[in-house]
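See structure below.
All of the numbers you see were taken from the coordinates with simple rules; none came from a lab. Quick caveat: nothing in here was measured; it's all calculated off a predicted structure. Positions of Cβ are generated from backbone atoms using ideal geometry, with glycine treated the same way; all protein chains shown enter the neighbour counts.
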Amino acid sequence: MPATAALAEAGSAPAVTSPATPPSFGTLALRWYRLNQGRLRATAIGVISLLAFLLVWHLLTTYRVVFFVRFINVPSPLAVYASFTKAIHDPKFLMHVVLSCRRIFIGFSLAAIVGVPLGLIMGRFKLVHEVIFPVAEVLRPIPAIAWVPMAIMLWPTNEQSIVFITFLGSFFPILVNTLHGMSLVDPVLVRAAQCLGARERSIFREVYFPASLPHIFTGLTVGMGVAWVSLIAAEMISGQYGIGYFTWEAYSLVQYADIALGMIAIGVLGLGSSVLIRGAGHLIMPWRSTR
């Protein structure tokens, strides 16, 4: 019996487990690669695409190809790079970039501050929609470049008129997309909130606004692109500073490399602005980034 009891106690005693060994660096790297495989693939394809574009550009300008489109006077990538290395040490070029970014920030911020709440109110209250929407639809198709003479007459300085044109360019995409988002809100959610005793303010804050956020950020992204188009057009016509004026001045002085440099700077700045808006959208709407 004592031997049997000893065996029973030995069988019931907890097994001694050895401490778990941490995963190796290779395991962690493989796990990280599997989690980010899609992003790495997209990044690799993007880099290859840009390199291919630069190679084709280099070949077309080196051999002065003429095939419907003339590449005789188009600067090569090396010439544009030489212009870039010279421009980044020029305070005047940096001032052009800073002023354009400031105009974009002011005009786009004003458009978002006005356009998003106005779109939400128009989407919620039918009377407001009936009063404002016809006027907005008449003004919306007018291109930004057509507003330049009117803006010069409306505002006392060129700076204010350029910001106003930038505001108009981004305002209408933001307004229309916000209205579209409000029109797609499920009425069942609204009735459910009303049945639970929610008041108008709570319904607006907890139902309409979150449901419209994806379309609002779509409008902000589109509005940012149109804002850059409007800004460059205004700077080319009535500006004295800015990246648009820099590009137009390079054309007037027959500095072809600076023309391409200005165009590339516009593209990079526009891309960076859109990336910032998308990043803000992922932070505010984390549930969409997991889809």
Crossing angle, helix 158-183 versus the chain [Cα axis fit, 0-90 degrees, rounded to tens]: 40
For a quick protection proxy, order the peptides 70-78, 223-231 by their average other-Cβ count within 10 Å, most packed first. 223-231, 70-78
Helix-only [θ] at 222 nm, the chain, -39500 (n - 2.57) per DSSP H run of 4+, per residue, nearest 500, equals -26000 deg cm²/dmol
Per the Cα gyration tensor, the stretch 40-168 corresponds to an equivalent ellipsoid with semi-axes, largest first in Å, of 41, 22, 18
With +1 on the Cβ of every Lys and Arg and -1 on the Cβ of every Asp and Glu, the dipole magnitude of the chain about its Cα centre, in debye rounded to the nearest 20, is 400
What are the ³J(HN,Hα) couplings of the stretch 112-124, residue after residue, when phi is run through the Karplus curve with 6.51, -1.76, 1.60 and θ = phi - 60°? Round to Hz, x for glycine and proline. 5, 5, 8, x, 5, x, 5, x, 5, 5, 5, x, 8
When the convex hull of its Cα atoms is projected in every direction, mean area for the stretch 149-291 (nm²): 11.5
Rounded if a/c under 1.5, otherwise prolate or oblate - the stretch 57-114, Cα gyration tensor axes: oblate
Using a ≥ b ≥ c from the Cα gyration tensor of the chain (square roots of the eigenvalues), is it rounded, prolate or oblate, where a/c under 1.5 gives rounded and otherwise the larger of a/b and b/c decides, a/b for prolate? oblate
